Structures are given as C-alpha cells and as structure tokens.
1. I'd like the residue in region 135-150 that is assigned to a strand (DSSP E or B) and under 14 Å from the mean Cα position of the chain (by Cα) and, out of all such residues, is surrounded by the fewest Cβ atoms within 10 Å (Cβ to Cβ).
2. Filter region 97-132 down to the residues that are of a type in the set (Gly, Ala, Ser) and farther than 18 Å from Ala82 by Cβ and list them by number.
3. Considering only residues that are in a loop (DSSP other than H, G, I, E, B) and surrounded by 14 or more Cβ atoms within 10 Å (Cβ to Cβ), look in region 57-69 and name the one that is farthest from the chain's Cα centre (by Cα).
4. Consider region 70-124. How many of its residues are under 18 Å from the mean Cα position of the chain (by Cα), closer than 12 Å to Ala145 by Cβ, at pLDDT 90 or above and not aromatic (Phe, Trp, Tyr)?
Amino acid sequence: MTESTKKRKLVVLGAGLVLAASPLLAACGGGSSSDASATATAVDNTAVPTDTSTETQAPAGGVKLANGEAPAERTIKVTKGAFNPNTLTIKVGQNVTFKSGDSGSYGVKVGDLDSATVSGGLIETFEFSKAGTYNVSEEIYSGTATITVE
C-alpha cells in the first residue's frame, strides 16, 4: 500500500469518527437544560410505534400466567421461528399451554405480559379472562401466532 493510500484511509477514518461523535459533542455543548430536554423529547416521540390495524386488539390485563396444563387441543408447540398451530380460537376463561416442540429455549410473549421462557421439558400456561385478539410472539426467533378469545 502506498503512502498516499494510507493517508487517504486515515483521513476517511478520521472523518467518520468526527461524524459519529458530533451528536455526542453537540449534547455536551453549552446550551441550556431546556434545549437538552427538547432534544430528548423529540427523539422519544419518533420511537413511539403507531398501530394502524383495524382488528380488535386484546384488552390490557386479559391474560395471566396459570398453573397446570391445558388439554392437547389448546396446546401450542413452539419451535425455531414458528408456533403450531399459529392461530387458535378459545372461550373466555380457558387456558392455553405453550410447549417446546424441540430442545430449544424460547421467549413467548402473550398480549401485554412480559415474556415467559419455554424450553425442552418446560411448559407455560396462560389463562384468558377477556374476549379479544391476542398477539403472541416468540422473542428470540420472531415467530408469531394469534389467539382469539370469544
């Protein structure tokens, strides 16, 4: 590599570092505290997702962890990136069990609950107390399912 090529690479690298650091340096500037909070608010507002679906979503608090295991017809197997079945319709008050379909570990999130871990030999059962459509996601491999409670 020639000297001029080395110098060009250093200049490009240095310019990239300056551009990457410029937001941090601007935040450290001598502006007032109201400037900093206005900047933070603007950033926070851009991160809020918007739900544009017309489907009836599950009510908050309509699902909770439960003890025991649901019958086979209300058991969903979780595998890498998938639920089987990926749609299920149940009645208010019924439980659904999530069971690992292989030896993997999965983070299953149902409705507005924090995720629960399902792995080989472990199950998680959820009780649905309110009608609605509950989105289910697998947080490690991005599988999705839908549970409709009537």
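1. Within region 135-150, the subset assigned to a strand (DSSP E or B) is 135-138, 144-149.
Filter again for under 14 Å from the mean Cα position of the chain (by Cα), leaving 135-138, 144-145.
Numbers: Asn135: 16, Val136: 23, Ser137: 16, Glu138: 23, Thr144: 12, Ala145: 22.
Of everything passing the filter in region 135-150, Thr144 is surrounded by the fewest Cβ atoms within 10 Å (Cβ to Cβ).
2. Correct list: Gly111, Gly121, Ser129, Ala131, Gly132.
3. Looking at the filtered set, the residue picked out is Glu69.
4. Number satisfying all stated conditions: 7.
The values are calculated or read from the model by the stated rules, or taken from the named source; none is laboratory data. Just so it is clear, the structure is predicted and the values come from calculations on it, not from any experiment. When we count neighbours, we look across all protein chains shown, and the Cβ atoms used for this are built from the backbone with ideal geometry, even at glycine.
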